[in-house]
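For reference, the structure is listed below as structure tokens.
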Amino acid sequence: MTASSFVPDIVGIDLGTTNSLVAYWHDGAPHLIPNALGQTLTPSVVSLDDDGSVLVGLAARERLQSHPQRTIASFKRGMGTATSFRLGDRVFRAEDLSALVLRALRADVRARFGQDVDRAVITVPAYFSDAQRAATRNAGLIAGFAEVSLLNEPTAAALAYGLNERDDSQFLVFDFGGGTFDVSILELFSGVMEVRATAGDNQLGGDDVDACVERWVMDSAGLPAELMGEPVFVSKLRARCEAAKRALSSDPTARISFQHGPHLIDLTLGIDQFERLIQPVLDRLRYPVETAIRDARIGTADLSAVVLAGGSSRLPAVRQLVTRMFGQFPSASLNPDEVIALGAAVQAGLKTDAVELAERVMTDVCPYTLGIESSKQVSADRHTAGFMSPIIARNTVVPVSRVQSFQPLTADQRVISVRVYQGEARLVKDNIPLGQFDVDLPRSTDGRWPHIDVRFTYDVDGLLEVEATPKLGEQAAGPSRRLVIQNSAERLSDEQVAERLQALSSLKMHPRERMEVRALLARAERLFMQLALDERERLGHEITRFELDLESQDPRRIAQGQAGLQRLVQLCEADSPLGV
């Protein structure tokens with residue numbers, strides 16, 4: 001297939017905490033698109049290079065240790081919040097950083113097909129709040145996509161898993177990524193994929209596993225807490241702890257060894273001790289699973305398979321937990337790192353009415369309870385406000401429309417304030433406000449109390465319409481008031497998108513065709529910092545020589561210098577006790 005023979009109308013994107021991927025649907029199957037380095041996984045890391053250009057992906061990740069104040073990772077948890085991140089002399093919001101990652105993926109699509117694709121399905125954790133979903137949609141628009149639709153991550157994994165399933169079945173998707181955890185239970189019957197229930201934790205992921213190890217290192221080495229305020233130390237610590245976590249997936253012990261100023265850290269972590277350290281994380285994985293099973297009204301024995309998604313699900317302790325919880329080994333038919341992106345590509349195929357998917361139908365659910373604030377009578381003459389009155393319960397199949405009636409506290413009340421909330425708590429103060437409006441009540445001439453009918457309509461794209469109609473008896477008695485909450489008030493206007501897009505466009509993206517060279521230099525610089533002083537001279541000399549090769553702009557000289565530096569870096573890494 002040549003770049004000109006086929007161009008997809010829409011791509012599927014897994015915008016992950018740790019890594020991001022992009023895929024498309026063609027010839028009856030999903031296909032991943034490689035980045036400039038030929039890899040399908042693009043680290044969700046952004047860095048400002050010394051010349052002010054933006055690096056995204058592996059080259060940026062390699063700079064986490066050498067340039068920690070100009071590099072950022074794990075910003076997905078900041079989506080939908082006012083949290084800001086500083087890179088050098090610039091400040092970004094999480095959706096701006098996500099937009100830079102998406103822009104890099106969009107460039108990979110352009111390189112693959114020779115032109116831009118302007119529509120995207122972007123996956124989000126199933127338990128992402130309304131504001132977090134809005135931020136993700138905004139990031140896609142800021143990245144230059146003209147149309148963005150969202151898809152729950154476990155639903156995407158289910159689409160990829162169920163693509164070749166023909167028998168009716170029920171299965172659970174256990175999606176444990178770098179920053180979030182989701183679990184969904186789905187049923188496949190007669191070609192229809194229906195989400196039965198979903199639950200999750202937006203503040204639970206592989207980053208929390210790393211944090212357990214980091215605390216152990218600080219305590220075991222007797223290090224002062226003030227070090228956690230030093231970016232260079234924190235980047236070194238996190239890199240070594242993550243490397244140890246990966247090593248323990250195959251080895252019984254892992255060494256954590258590095259020096260920072262006068263502090264020498266040299267520790268050995270065993271697999272049993274590691275699993276004890278992360279037990280609090282494993283315990284937190286249980287609650288969303290139990291919630292989803294309870295909401296789906298099934299037993300674990302009713303599940304035909306458990307599908308793993310997310311890179312953190314590779315941990316042996318997690319797989320053992322899943323096996324114990326469900327009494328069966330999890331499915332290993334799909335790569336946990338790729339399954340969500342592949343599912344997003346399937347959804348892209350569904351949106352373009354691909355003939356191979358003509359017999360497939362996908363239904364999803366509303367992940368949160370939606371309702372309004374109401375008052376309750378606590379005594380004969382007293383009412384207390386602040387209670388949540390659900391109108392659409394969590395895990396209701398969408399699209400859905402529900403209506404409830406509410407009456408004023410007194411017969412002469414002329415206005416009712418309709419305040420819309422999202423969440424599971426009993427009191428609205430513990431839930432998330434989405435919007436509000438006032439409804440005028442009619443005067444009653446025959447002693448009947450007026451009331452309002454409040455109708456919630458929620459569709460598959462996360463658009464909530466709230467309509468309140470004043471009534472006397474069964475008859476409408478005034479104009480209806482309507483509020484449309486399109487992935488929250490955080491949704492940007494066209495003018496705001498254009499303004500943010502222009503602001504990010506002023507940042508120079510590092511040339512895609514030179515990303516391999518830049519990643520090699522960043523890798524060499526990171527390794528240089530890790531080597532002992534007496535081991536640095538040869539590598540430092542080779543880095544300098546290669547930089548001179550680049551300045552010569554001689555392709556043959558650059559290729560020779562790149563090959564030489566590559567060999568030396570590989571040799572140094574092979575000799576490293578850290579195996580990094």
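The table for this structure:
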| read-out | value |
| --- | --- |
| Among (1) 31.6; (2) 26.9; (3) 29.0, the entry that matches mean projected area of the Cα convex hull in nm² as calculated here | (1) |
| Least to most buried among ILE298, ILE122, ILE278 (fewest other Cβ within 10 Å first) | ILE298, ILE278, ILE122 |
| Proxy reagent accessibility, fewest Cβ within 10 Å first, across PHE406, PHE274, PHE233, PHE329 | PHE329, PHE406, PHE233, PHE274 |
| 222 nm mean residue ellipticity, helices alone, for the chain (DSSP H n ≥ 4; -39,500 (n - 2.57); rounded to 500) | -11000 deg cm²/dmol |
| Segment 370-492, dipole about Cα centre (Lys/Arg Cβ +1, Asp/Glu Cβ -1), debye to the nearest 20 | 200 |
| Order of HIS67, HIS26 under a 10 Å beta carbon neighbour criterion, fewest first | HIS26, HIS67 |
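The numbers here are math on the coordinates, done by the rules we state, and not lab data. Just so it is clear, the model here is predicted, and its values are computed rather than measured. Glycine also receives a Cβ, built like all others from the backbone with ideal geometry; neighbour counts cover every protein chain displayed.
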